[in-house]
Amino acid sequence: MNNIVLSIAIPTFNRAEWLRLCLSRLIPQLEGFYGEIEVTVYDNASPDNTGEVAIEFLTKNVPLTYIRNSENIGSDKNIAQCFNKAIGQYVLILGDDDVVLNGSLQKIIKALKDARYNHGAIFMRAYGYDDNYVTEMPYQLFHKSKIYSNSNEFMSRCSSSMAFISSLVINKSIIPNIDANDYIGTALVQTYVFYEAVRSAKTNFFINEYLIAAKRVEQRDYDVTKVFGSALNNA
């Protein structure tokens, strides 16, 4: 019987040291959740030492799987397989250069296991940082998280951040017939799947608290303006 509550899938390409930071902050938070969480790294044929970094963590006897594509299949297709191959009820596709803040995973699992709800999706707030994700965390006044029964209100609250992959926890079990491959070429595979889950559920949950830190980089392997502009508008 599959008891996996959350699949964390990390698509990566040529960012070994950022992946090291990502995993080094995530893996310790898995303690106490073995058997409930799976973590899989999908390496898109990186030419750097990404494989060596992953293997370092594999030797620590943690629930981590490393999969290396035989060739670079492109970002969209790699993200699509992250979702399609996940076996958990919920899926978090985590950016390889993003950090799950200490204590965040426990809060996420608590929300997912709340027996009163079967949320289509959970949205988590994220902030950007340049050098140190701890000291650069912005001050946040307390604002209560909210459960939405109206999917349009929920998506309006998420706004353009729906394009940010690491903020989205998607209920795969509520959309069993969705094939993420259908959205290859949109530059926003995760957002389309997110939409499907949101509109298929009675409730969705907005966590109004910083749980993710996102590395700001000057050069990316995608067009930021396109993704958060025209691609998101099309979605």
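Brief remarks on what is shown
- Residue pairs whose Cβ atoms lie under 7 Å apart, sitting 6 or more positions apart in sequence or on different chains, and linking a residue in the stretch 56-74 that is under 14 Å from residue 38 (Cβ atoms) to a partner that is of a type in the set (Phe, Trp, Tyr) and at pLDDT 95 or above, are 58/66; 67/42.
- You will find that of 4, 8, the residue that is under 26 Å from residue 119 (Cβ atoms) and in a loop (DSSP other than H, G, I, E, B) is 4 and no other.
- Test set (1) at pLDDT 95 or above; (2) out of contact with any Asp or Glu (no Cβ under 8 Å at 6 or more places or on another chain); (3) of a type outside the set (Phe, Trp, Tyr) - residue 220 fails condition number: (1)
- Test set (1) open to solvent by 20 Å² or more (accessible area, probe 1.4 Å); (2) of a type outside the set (Ser, Thr, Tyr); (3) within 14 Å of the chain's Cα centre (by Cα) - residue 19 fails condition number: (1)
- Here residue 25 meets the list (1) open to solvent by less than 70 Å² (accessible area, probe 1.4 Å); (2) at pLDDT 95 or above almost entirely, failing just condition (1).
- Residues (out of contact with any strand residue (DSSP E or B) (no Cβ under 8 Å at 6 or more places or on another chain) and over 14 Å from residue 103 (Cα atoms)) located in the stretch 8-45: 14, 15, 16, 17, 20, 34, 35
- Only one of the listed residues (159, 200) is of a type in the set (Ser, Thr, Tyr) and at pLDDT below 95. That residue is 159.
- Taken over the stretch 146-168, the criterion of being more than 13 Å from residue 192 (Cα to Cα) and open to solvent by less than 40 Å² (accessible area, probe 1.4 Å) is satisfied by 148, 151, 154, 158, 166, 167.
- Residues of the stretch 181-217 that turn out to be among the polar types (S, T, N, Q), open to solvent by less than 30 Å² (accessible area, probe 1.4 Å) and farther than 21 Å from residue 128 by Cα, as a count: 2
- For residue 189, the stated conditions hold: it is closer than 17 Å to residue 77 by Cα, of a type outside the set (D, E, K, R) and at pLDDT 95 or above.
- Residue within the stretch 25-36 that is outside any loop (DSSP other than H, G, I, E, B), under 12 Å from the mean Cα position of the chain (by Cα) and hydroxyl-bearing (Ser, Thr, Tyr) present: no
The values are calculated or read from the model by the stated rules, or taken from the named source; none is laboratory data. Source: prediction; values computed, not measured. Positions of Cβ are backbone-derived with ideal geometry, glycine not excepted, and every protein chain shown enters the neighbour counts. Ligands, DNA and RNA are excluded from the accessible area calculation, which covers all protein heavy atoms including side chains. Shrake-Rupley method; radii C 1.70, N 1.55, O 1.52, S 1.80 Å.
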